[in-house]
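Reading through the structure tokens given below for one structure.
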Amino acid sequence: MEWSDLREIAYDNLNDALFFAASGQAGNQGLKIISMTGESVEMSDKEVILTQDGLKRLEEELENLKSVRRREVAERIKTAIGYGDISENSEYEDAKNEQAFIEGRIITLEKMLRNARIINNDEIDTDTVSIGSTVIVEDLEFGDTMEYAIVGTAESDPLKNKISNESPVGKAILGQKKGAVVDVNVPAGVIQYKIVDIKK
């Protein structure tokens, strides 16, 4: 049984259904709704800003989904069908749902890459904070220093200190120079940061 046959089986009688496909980090671009026919129900054509590293990661994820994950889930579906009646087959349902997620993620990644604007290293200014900059800031109240990489929303990962240019800190320091003091509005109030250093 070929991949195309398995895909048709998995989507049988579900052409009008909708599923959610993750578009990146939660809280950034959020979830997009994709139809089972592959058409976008609610996907923005907004420009996606990526660093070279971010571009590489998305391209690698897309390649893995197409060349590895697709085949793996196709095999899961094939195995589940072998168990018999698929109407009460939880393994088949799980595999089919995973397949739907993979196909939706592929569509989303392809759209992101089509709309991508790549920030090259030679565009990064070490005099002024810009997307692609790595910035060291000092909390003027507590004296703590933190290092942030400023990236587009598609790449942001606060756990790795990669913050979006649209985040409160990102907005506050974007366009500022070394030595500048900025106010960052957060739910708890206002935090003052001093820009200690800017690098690539």
Across (1) of a type in the set (A, V, I, L, M); (2) crowded, with 16+ Cβ neighbours inside 10 Å; (3) within 26 Å of Leu55 (Cα to Cα), Ile195 clears everything bar (3)
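Quick grid of which residues meet (1) touching a residue at least 40 places away in the same chain (Cβ under 8 Å); (2) under 24 Å from Glu63 (Cβ atoms); (3) outside any loop (DSSP other than H, G, I, E, B):
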| site | (1), (2), (3) |
| --- | --- |
| Leu109 | yes, yes, yes |
| Val137 | yes, no, yes |
| Glu147 | no, no, yes |
| Val169 | no, no, yes |
| Gly179 | no, no, no |
| Lys194 | yes, no, yes |
| Asp197 | yes, no, yes |
Being under 16 Å from Ser156 (Cβ atoms) and either in a helix (DSSP H, G or I) or of a type in the set (D, E, K, R) (or both), is that true of even one residue in region 61-70?
yes
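Rule-based calculations on the coordinates, nothing more; no lab input. Everything quoted here is computed from the prediction, not taken from an experiment. No Cβ is skipped: glycine too gets one built from the backbone with ideal geometry, and neighbour counts run over all protein chains shown.
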